[in-house]
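Before any comments, here is the structure.
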Amino acid sequence: MESDFNKWQNLWQQEKSSPLDIDALTIRLHKLERITQYQRLLFLSVTVYAIYAMLTHLSLNGYNLIAFILLAVAMLFMLVPLFNNRLKDYGVDNQQYINNRIKYLKGKILIPKLYFLIFIVLFTAALNIAFIGLWEQESVYYSLFFHAISLLILLVLLLLRKIGVKNYEKEILPLIASLTKLNKEE
C-alpha cells in the first residue's frame, strides 16, 4: 500500500510542472544586461586606447598599416554586435516583449561563439604582420620567437573563448528555455 502511494506521488510530481518564477527571470535578465553594459564600456575603452597607442607609437610602414587596419576591423567585429544587440522594449505587448528577449539572448550567444572567434583570428593576424614588420631586419630567431608568442596568444584566446562560450550557454540557454516556456503559456 505504501509503495503504491509513493508511486502515485512520484508520478503526480513528475507531471506537475514547476511554476515559472518571473521575478528570478527578470533579475537574471537585468544582471545579464549589466554585464553587457560593462563589456561595451570595457571594449570601447580598450579599442580607443589601442588605436591611440598604435597611431602614436608605431612607425607607418606597410606592415604596421596593414596590422592597424586588421586590428581596427577586429575591434569593429566585437563592438558592432555589442552595441547593435540591444533590447527594444518600448511600446510592445507581452508576446513581442518575450520574443524580443529571446532574440536578444540568441544574439548574445553569437558574440563569443562567432564574433570573438573572428576577432581572435584578425587580432592574431595583425600581431603577426606587425612582428614581421618589426623584425624584418633582425635575425630569424627573433622572428620565430615572436611568432611563437603570437601562437601562444592565439591558443590562450581560443581557450578563453571556449570558457566564455560555456559560461554564456550555461547562463543564457536556461533563460531562453524559460522565456520560450513562458511564450507558449500565453
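Every number here is computed from the coordinates shown, using simple stated rules; none is lab data. Worth saying up front: this structure is predicted, and the values here are computed from it rather than measured. Here the Cβ is made from the backbone with ideal geometry for all residues, glycine too, and neighbour counts use every protein chain on show.
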Sequence-distant residues sharing a close amide H with N61 (under 5 Å, placed H): none
Fully extended contour minus Cα-Cα distance, from V80 to Y38, at 0.36 nm per residue: 13.6 nm
Inter-site label distance for K184 and N61 at 7 Å from Cα along Cβ, in nm: 6.2 nm
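Using a simple charge model, +1 on the beta-carbon of Lys and Arg, -1 on the beta-carbon of Asp and Glu, nothing else, what dipole does segment 21-185 show about its Cα centre, in debye to the nearest 20? Working shown, then result.
Details: 17 positive and 10 negative charges, 113 e Å.
That gives segment 21-185 a dipole magnitude of about 540 debye.
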Computed lengthening from L151 to Q96, 0.36 nm per intervening residue step minus Cα-Cα distance: 15.3 nm
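Looking at segment 21-185, what % of the alpha carbon pairs are farther apart than 21 Å?
Working: 7579 of 13530 pairs.
Of all Cα-Cα distances in segment 21-185, 56 percent exceed 21 Å.
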Residue-wise HN-Hα coupling along segment 59-73, computed from phi with Karplus coefficients 6.51, -1.76, 1.60 (Hz; x: Gly, Pro): 6, 9, 7, x, 5, 5, 5, 5, 4, 4, 5, 4, 5, 5, 5
Burial ordering of E171, E33, fewest other beta-carbon atoms within 10 Å first: E33, E171
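Kindly state, to the nearest 0.05, the FRET efficiency for H30 paired with L160, given R0 = 22 Å and r defined as their beta-carbon distance.
Numbers: r = 25 Å, r/R0 = 1.15.
About 0.30, to the nearest 0.05.
Can you sort H147, H30 from fewest to most other Cβ atoms within 10 Å of each residue's own Cβ?
Working: H147 15, H30 10.
The most exposed by this proxy come first: H30, H147.
Would you work out the relative contact order for segment 21-185, in percent, from Cα pairs under 8 angstrom that are 6 or more residues apart?
Working: 111 pairs, mean separation 48.3, N = 165.
Here the relative contact order equals 29 percent.
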Column: log10 I(q)/I(0), Debye, Cα scatterers of segment 99-186, q = 0.13 Å⁻¹: -0.57
